[in-house]
Amino acid sequence: MSLKYQVVPVTSFSQNCSIVWCDETMEGIVVDPGGDIEQLLLVIKDRAIKVTQLVLTHGHLDHVGGTQSLSKRLDKVEIVGPHQDDNFWLQGLPEQSQMFGFLPTQAFEPNRWLNDGDVIRFGHESLNVYHTPGHTPGHVVLHNEIARLAFVGDVLFNGSVGRTDFPKGDFETLINSIKTKLWPLGKDVRFVPGHGPESTFGQERMSNPFVADKLS
Ligand SMILES: [Zn+2]
Ligand SMILES: [Zn+2]
């Protein structure tokens, strides 16, 4: 197995940006470069990773705020995702940055939207894409079957689930996404959430007050 990753918490929201790469070719991707791109560039340079794509789980500012500047600093590397249903969040970035007291952030569109069933490839590695609406309508999560590893953005947290009180957020839809898209991947799958410590799907199915098996 040659899939490696390093989590770098960025922005005042401590958003878990993940740098993910193939250890054989050193090709890699950056998942959710929300900000603090100098810090991200240091890790990328230190490990000598050839970044081929910036991949976005959803359109919230703390997940996408550094995308355009990081792409520019990495020879205009391709921006991929989220699902098109999050376009209104990306187009609303100027308002989001004002609301959260971030530096002014311009609206943008990715080079390519993602859909359920898409595969993101880098080196000898790949991540499968699942469309998981609820927190935002265009949220996607990424999963590698061999590594038993998922990057789930703000869908699921260690002990909690994503907020659903935003425009086009919906609690029932979120719980359904977790149970029908994440749980079938296996209890042993470890996940990196958008904020806070890692966990496994099995652990959350046991003790997460929002989605534990005993509740259903
Ligand atoms: Zn979010
Ligand atoms: Zn977030």
Check your understanding: Restricted to region 157-180, and to residues that are of a type in the set (A, V, I, L, M) and within 12 Å of ligand 1 (Cβ to nearest atom), which residue is nearest to Tyr5 (Cα to Cα)?
Key -> Val161
Exercise for review: Quickly run through region 146-170 and pick out the residues that are away from ligand 2 (no atom under 12 Å from the Cβ) and in a loop (DSSP other than H, G, I, E, B).
Suggested key: Ile146, Ala147, Arg148, Asn158, Gly159, Thr164, Asp165, Pro167, Lys168, Gly169, Asp170
Point to revise | Complete set of residues in region 165-185 that are surrounded by 15 or more Cβ atoms within 10 Å (Cβ to Cβ) and under 20 Å from Asp213 (Cβ atoms) | key: Phe171, Thr173, Leu174, Ile175, Ser177, Ile178, Lys181, Leu182, Trp183, Leu185
Point to revise | Scan of region 135-156 for residues that are farther than 19 Å from Val119 by Cβ, more than 11 Å from ligand 1 (Cβ to nearest atom) and in contact with a strand residue (DSSP E or B) (Cβ under 8 Å, 6 or more places away or on another chain), ordered by number | key: Leu156
Review point. Of the numbered conditions (1) without any contact (Cβ under 8 Å) to a residue 40 or more places away in the chain; (2) within 16 Å of ligand 2 (Cβ to nearest atom), Gly134 satisfies every one except a single condition; which is it?
Key: (1)
Exercise for review: Kindly indicate which of Ile29, Ile37 is closer than 22 Å to Val141 by Cβ, among the aliphatic types (A, V, I, L, M) and crowded, with 22+ Cβ neighbours inside 10 Å.
Suggested key: Ile29
Check your understanding: Name the strands (runs of 3 or more DSSP E) wholly within region 54-136 that hold at least 1 residues that are closer than 24 Å to Ser12 by Cα?
Key -> 78-80
Practice item. For region 27-44, indicate whether the set of residues that are in contact (Cβ under 8 Å) with a residue 60 or more places away in the chain and more than 27 Å from Gly92 (Cα to Cα) is non-empty. Key: yes
Practice item. Tell me, yes or no, whether region 157-164 has at least one residue that is buried (at least 23 other Cβ atoms within 10 Å of the Cβ) and closer than 21 Å to Glu78 by Cα. Key: no
Check your understanding: Filtering region 57-76 down to residues that are of a type in the set (A, V, I, L, M) and over 23 Å from Asn128 (Cα atoms), which residue is nearest to ligand 1 (Cβ to nearest atom)?
Key -> Leu61
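Readers should treat all values here as calculations from the given coordinates under stated rules, not as data from a laboratory. Please read these numbers as outputs of a predicted model, since none were measured by experiment. Neighbour counts are summed over all protein chains in view; Cβ atoms, including those assigned to glycine, are modelled from backbone coordinates with ideal geometry.
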